[in-house]
Structure formats: C-alpha cells, structure tokens
Amino acid sequence: MSAKMNTKYYKTWEEYKAQHPEIEDKQAGVMAPKMQSYEDMMFEFVIYLLL
C-alpha cells in the first residue's frame, strides 16, 4: 500500500521504522510481516466501510 495518510495513529512499517532507528535488522525481520498484515487489515476495513 503506497498511499500516504496524514494521521498520527496510522503508520506504515516504513514510517514506523524511520521514527524508531533503534530497531535492529533481526527485530525488523520479525516485526515487518506483522505490521504489513495490520496495514492490510486496516486497508480492507476502510474499504469495507466505504462499500
């Protein structure tokens, strides 16, 4: 999902990682798929609300 939403609550994985440079590559490898699934669920939920 490449759309940029201007909100303080919803963040993409890339935005989250940029704000938290202390996250190491090993941790990122575990966190990234989970965050991506949350992004996908949020997108599907918003689309559901619109339909």
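Could you tell me whether residue 28 is open to solvent by less than 60 Å² (accessible area, probe 1.4 Å) and modelled with pLDDT of 85 or more? Show your work before the answer.
Numbers: open to solvent by less than 60 Å² (accessible area, probe 1.4 Å): yes; modelled with pLDDT of 85 or more: yes.
It is true that residue 28 is open to solvent by less than 60 Å² (accessible area, probe 1.4 Å) and modelled with pLDDT of 85 or more.
Quick one: how many residues across region 8-27 are outside any helix (DSSP H, G or I) and within 8 Å of the chain's Cα centre (by Cα)? Can you show your working first?
Here is the first cut: in region 8-27, the residues outside any helix (DSSP H, G or I) are 8-12, 20-24.
Keeping just the survivors that are within 8 Å of the chain's Cα centre (by Cα) gives 10-12.
Final tally of qualifying residues: 3.
Does any residue in region 28-39 that is of a type in the set (Gly, Ala, Ser) come within less than 7 Å, Cβ to Cβ, of a residue that is open to solvent by 60 Å² or more (accessible area, probe 1.4 Å) six or more places away or on a different chain, and which pairs are these?
28/17
Is it true that residue 44 is out of contact with any Gly (no Cβ under 7 Å at 6 or more places or on another chain) and either at pLDDT 90 or above or exposed (fewer than 10 other Cβ atoms within 10 Å of the Cβ) (or both)? So that I can check it myself, show each step before the final result.
Details: out of contact with any Gly (no Cβ under 7 Å at 6 or more places or on another chain): yes; either at pLDDT 90 or above or exposed (fewer than 10 other Cβ atoms within 10 Å of the Cβ) (or both): yes.
Yes; evaluated as a whole, the condition is true for this residue.
The values are calculated or read from the model by the stated rules, or taken from the named source; none is laboratory data. All figures in this text were calculated on a predicted structure; none of them were measured in a lab. All Cβ positions, glycine included, derive from the backbone under ideal geometry; neighbour counts span all protein chains shown. Surface areas here come from the heavy atoms of the whole protein model, side chains and all, with no ligands, DNA or RNA. Shrake-Rupley method; radii C 1.70, N 1.55, O 1.52, S 1.80 Å.
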